[in-house]
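The values are calculated or read from the model by the stated rules, or taken from the named source; none is laboratory data. All values derive from a computational prediction rather than experimental measurement. As a convention, Cβ positions derive from the backbone with ideal geometry for all residues, glycine included, and neighbour counts pool all protein chains shown. These area figures cover heavy atoms from the full protein model, side chains too; ligands, DNA and RNA do not enter into them. Shrake-Rupley method; radii C 1.70, N 1.55, O 1.52, S 1.80 Å.
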Amino acid sequence: MTKYCLTVTCTSTRGIVAAIANYLADQGCNITDSSQFDDAQTGKFFMRVSFTSEQGADLAALQKGFAETAKPFDMAYKYHDESEKMKVVIMVSRFGHCLNDLLYRWRIGALPIDIVAVISNHMDYQKV
C-alpha cells in the first residue's frame, strides 16, 4: 500500500474534516493519522492527514479528484508521497535539546527526512 499525506489550509468552518474524510474513504483510502488546528486569531484552519491507498489510487488522480471537495471551502492543499523524504535545514540557537532530539529521531528513522544543513548563529553545537 502506498502512503500519502494531505495538507490543507482554509478559512475555518463547519464540515471541513467530514468532507476530507468522506473524499478519502470514497477513493478507497484509510486515514492512519490526522492532526488539525484552528487559529482563532486569523480564523484559519490547518490539517495534516496521513493515509494509505488500499485500492491503488495514484497521487495525480487523488489530487485531481480532490478539487471538487476543496472548492466550496476555498482550500489550499497539497498531496505528498510519504516514501519521498523531505529535504530539511535545521536552524539552532544556544539551546541544543531540540537539535539533539531531531537528530536522534532522524538517526532511528522516526523522522523520514534528509537533513541537508544545520545552521546556527553560535558555535556551541558545531561538533554535534
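The single condition among (1) free of Cβ contacts under 8 Å to residues at least 60 places away in the same chain; (2) in contact with a strand residue (DSSP E or B) (Cβ under 7 Å, 6 or more places away or on another chain); (3) closer than 25 Å to residue 114 by Cα that residue 45 does not satisfy is (3).
For the stretch 25-45, a residue qualifies if it is open to solvent by less than 80 Å² (accessible area, probe 1.4 Å), under 21 Å from residue 11 (Cβ atoms) and among the hydrophobic types (A, V, I, L, M, F, W, C), and exactly one does: 45.
Please pick out the residue among 52, 42 that is in a strand (DSSP E or B), among the hydroxyl-bearing types (Ser, Thr, Tyr) and at negative phi. Can you show your working first?
On the way: 42 fails: in a strand (DSSP E or B).
Selected residue: 52, the only one of 52, 42 that is in a strand (DSSP E or B), among the hydroxyl-bearing types (Ser, Thr, Tyr) and at negative phi.
Residues checked against (1) outside any strand (DSSP E or B); (2) surrounded by 11 or more Cβ atoms within 10 Å (Cβ to Cβ):
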| site | (1), (2) |
| --- | --- |
| 70 | yes, yes |
| 83 | yes, no |
| 100 | yes, yes |
| 106 | yes, yes |
| 109 | yes, no |
| 118 | no, yes |
